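Here is the structure we will look at, set down as structure tokens.
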Amino acid sequence: MEKDLIKNNPVQKFLRNFLLFLFLLVIADFAVGFLLRKFYFSQESGLEARTIYAIDKANEELIVLGSSRASHHYVPAIIGKELNMSAYNAGREGNFILYHNAVLQCMIQRYHPKVVVLDLLNKEFSVNRESYDRLATLMPFYRNHEAIRPIINLRGPFEPIKNLSAIYPYNSKLQAIAMGNLELNKSRKQDFGGYIPLERVMKRPADSVAVEGEYPIDTIKVEAFRQLVKTCSASNIRLFVICSPYYDYLRAEDPSVRIARQIAAEYSIPFWDYSVDTTFTGKADIFDDKAHLNKEGAERYSKLIADKITASAGSHASAKR
Amino acid sequence: MLFNSMEFLFYFIVVTSLYFLLPHRFRWMLLLFASCYFYMAFVPVYILILGFTIVIDYFAGIFLEEARGRKRKVWLIASLVANIGVLAVFKYYNFLNDNLTTLLHGVGWNNPVPYLKILLPIGLSFHTFQAMSYTIEVYRGHQKAERNFGIYALYVMFYPQLVAGPIERPQNLLHQFYEKHSFDYERVVDGLKIMLWGFVKKLVIADRLGLYVDAVYGNADQHSGLSLIVATVFFAFQIYCDFSGYSDIAIGSAKVMGFTLMRNFNRPYFSANISEFWSRWHISLSTWFKDYLYISLGGNRVSIPRWYFNLFFVFLVSGLWHGANWTFVIWGALNGFYLVAALIRNRLLSKWGWKENDQPSWWMRMINIGITFLLTCFAWIFFRAADLNQATLVIGRIFRFEKGSLFTGNPTFTYSLFAIAFLLLVEAKEEYYKGSFTLIDNKSPLVRYSTYLALILLILLIGVFDGGQFIYFQF
């Protein structure tokens, strides 16, 4: 009788079936998530593989951090040879200071590079929702890297709950995982220590561009930059903050660059601004597009940066003596 | 509060649970409170605008019912003026002022009228239209004036359809707030299934396509005609899944609590002509315009030229309803033109012996579906473009047939193609094989549960979790 009552009670029937479904969902999520995790971390090529290397495997003495401008502008082979140290370019396109800081925080859990080069963008600290969305790149590392969790949690208050799912960290990464595990695209295999060369040349003359005036600054990003600077100082890592060249002539200093310069000065960190440097700016044959040097430009620029780091290291050493 | 947010998930669970736990007499209070909370999660102060129209229409309804003769019309006009006035101020004031500035500039004068620095209240056009339908129906004698202020407020504010419809009629919705809805297992599960499909449409299809569309339309001058064609086709599916996905979540969440909302979409891209398209697209708005504007203008019981004018005018107003921009007006005008042109064509063909009711062969219907889709896509260019300049740029690039590479924006392009193929497969099955190959409604619990799981895993795998708000919120 009592059994029949339970059977006929729609609320109890719903709760029973709902719990059963939830149980099946947890199992399916775990099983699919397990497979995704296995294949994600076994990628051998592509951008995801580079991020995995930077966070979990890199042990080079010099690390480059930054966005696409970093990944296209700094040639580890040249910089490493000039400085006589191993080098890796951990730049990742479409990412901002929150990502760079997260990568560094993970790295220093394993080892301390001797030198870090941070390439800074114009509008690096601007208020921009997209830079938080882009942190999705780092979600596969959420479970195993405590240092990354507070940074990913900046995406929204429900991130810890969403990350309970084993699939969610691999959201929208299915194609990348497949490509990274298959030999469908051989060019993806080419890796120059994280550096990605570009081949085109600019077809229009350089413009004189008015930099967007003052814009709202995202204090969370400024704090991420400050944390990165502090971490390097505390870990005895030589940090160089650099703005690499743009093709067009920018007529004024960008507010984010100005703030970064002030913070770098507070911590006596070298800050070099090449965003408008006539050695590069305006030279159509060494730019792929208005924000990125091509291979030839990157090689010239890397040589210049390596020489400057060498000179700076010399003066740093003599200052210490 | 967005339907596609974690906040809504918690909100829905709490509100629905409390709804069934509370005694019937308190349920409308809970729903009213929950609806206020839902609306105030966007911009709290805008609830005052909603409150203003609710008070006006509540009293207008009562006075309308009690008044006799011309006074009835006065109360109706007062209500319509209040509602349209709110729309005019918040939605159309700056647009009209913009056009005034252009006109005056043409004759060398400066426009002295200041602009208003206000945000458009979310879903304003939806709830004002729903409120207007109430006073019009009371005026026509089809609906009794609601005496319980709270129930009337809930009719306007019922959270599932508050900000993006379906635009309900009082005859369908008001009485449901008085009915006692017990927990019905089948109905609750059906509602949840409708919601799940709505989430798939929004997160897996609409927001995914939106990434591609935004990238191309955001820099239209940088993209080839081919990319712009693809982006326009993608937009056709994006806006369909965005809006019908919202409607599904609204209809599903209301159904869980026992409320029946009207169907808003019926696989519109399987329409074989524009008239059929509009009987399947945004049904609650199309029928609103038909019931309250088209018929008031005389409908088709007038001379033929006047009939054509009525149709064209209704679509022109429908365009303006969507947004205060000439792009929307042209979008509406284009649809009106399509419809009138089809009527003229039919009249000419009928003179040559063709009967409108003749069933076309299946391949003829396929061709008609293709042509209707292309015409709709052309009109969508105006709907999506930021302004007329961009619309003409896009059309110019598309029809110049210039060579150019296709922007893929990997992996977005691949996922987008998959999403569209998936949608078409599901909808074609529903359209042509309804009742066969059932998955989500299969009798076997194994198949049913596997389908639920597959859809949720699909959302987790390729759904866009950082997507923006629903496109129709801006209207």
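Key figures
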item: Cβ neighbours within 10 Å from other chains - mean over A:303-310; result: 0
item: Listed residue (A:166, A:77, B:366) projecting farthest to the positive dipole end of the protein assembly as shown, Cβ model; result: B:366
item: Cα-based shape type of the protein assembly as shown, given that a ≥ b ≥ c are square roots of the gyration tensor eigenvalues and the cut on a/c is 1.5; result: prolate
item: Karplus 3J(HN,Hα) series, Hz, for segment B:394-399 with 6.51 cos²θ - 1.76 cosθ + 1.60 (x for Gly, Pro); result: 5, 4, x, 5, 5, 8
item: Global geometry of segment A:190-321, whether rounded, prolate or oblate, following the gyration tensor of its Cα atoms and the 1.5 cut on a/c; result: oblate
item: ³J(HN,Hα), Karplus 6.51/-1.76/1.60, whole Hz, each residue of segment B:164-175, x for Gly, Pro; result: 8, x, x, 6, 8, 9, x, 4, 8, 9, 3, 5
item: Residue B:454-residue B:48 FRET efficiency (beta carbon distance; Förster radius 60 Å; 0.05 resolution); result: 0.85
item: Cβ-defined net charge surrounding residue A:270, 10 Å radius [Lys, Arg +1; Asp, Glu -1]; result: +2
item: Stokes-Einstein diffusion coefficient of segment B:6-180, Kirkwood radius over Cα pairs, 10 °C, 1.306 mPa s, in µm²/s; result: 89 µm²/s
item: 29 Å Cα-Cα threshold exceeded, pairs from A:57/A:290; A:162/A:221; A:123/A:283; A:162/B:193; result: A:57/A:290
item: Fewest-first sequence of B:71, B:202 by Cβ atoms within 10 Å of each Cβ; result: B:71, B:202
item: Residue-averaged beta-carbon neighbours from other chains (10 angstrom radius) around A:9-15; result: 4
item: Student exercise, segment B:347-392 dipole from Lys, Arg, Asp, Glu Cβ charges, in Debye to nearest 20; result: 160 debye
item: Charge dipole (debye, nearest 20) of the protein assembly as shown; +1 at Cβ of Lys and Arg, -1 at Cβ of Asp and Glu; result: 1420 debye
item: Using θ = phi - 60° and Karplus 6.51 cos²θ - 1.76 cosθ + 1.60, couplings along segment A:75-87 (whole Hz; Gly, Pro as x); result: 9, x, 4, 6, 5, x, 5, 5, 8, 6, 8, 6, 9
item: Global geometry of segment A:32-320, whether rounded, prolate or oblate, following the gyration tensor of its Cα atoms and the 1.5 cut on a/c; result: rounded
item: Number of partner chain Cβ atoms within 10 Å, mean per residue of A:162-174; result: 4
item: Anchor residue B:434: lysines whose Cα lies under 16 Å away (excluding residues fewer than 8 positions away in-chain); result: B:443
item: Nearby aspartates and glutamates by direct alpha-carbon distance to residue A:114 (threshold 18 angstrom, same-chain neighbours under 8 apart not counted); result: A:56, A:60, A:61, A:82, A:307
item: Amide H partners (placed H, <5 Å) of residue A:89, local residues excluded; result: A:64, A:194, A:195
item: Fraction of beta bridges assigned by DSSP in the protein assembly as shown that are antiparallel (%, nearest 5); result: 20 percent
item: Cα principal axis extents for segment A:1-100, largest first, Å; result: 86, 24, 18
item: Sequence of B:232, B:414, B:287 once ranked by neighbouring C-beta atoms within 10 Å, starting from the fewest; result: B:414, B:287, B:232
item: Spin-label model distance (nm) - residue B:40 vs residue B:84, 7 Å beyond Cα toward Cβ; result: 3.3 nm
item: Contact order relative to length of segment B:6-180, as percent, for alpha carbon pairs under 8 angstrom and 6 or more apart; result: 30 percent
item: Dmax and Rg, reported as Rg then Dmax, of segment A:93-161 (C-alpha, Å); result: 12.5, 37
item: Three principal axis lengths of segment B:200-474 [C-alpha, angstrom, descending]; result: 58, 49, 37
item: Check: chain B dipole with +1 on Lys, Arg Cβ and -1 on Asp, Glu Cβ, in debye; result: 1140 debye
item: Nearby lysines by direct alpha-carbon distance to residue B:73 (threshold 27 angstrom, same-chain neighbours under 8 apart not counted); result: B:91, B:144, B:290
item: Under the Debye formula (equal points on every Cα, no solvent term), log10 I(q)/I(0) of chain B at q = 0.07, 0.10, 0.13 Å⁻¹; result: -0.40, -0.84, -1.42
item: Unit charges at the beta carbon, dipole of segment A:1-115: most positive-side option, A:104, A:25, A:86; result: A:25
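Where a number appears in this text, it was derived from the coordinates with a stated rule and is not lab data. All values derive from a computational prediction rather than experimental measurement. Cβ: placed from backbone, ideal geometry, glycine included. Neighbour counts: every protein chain shown.
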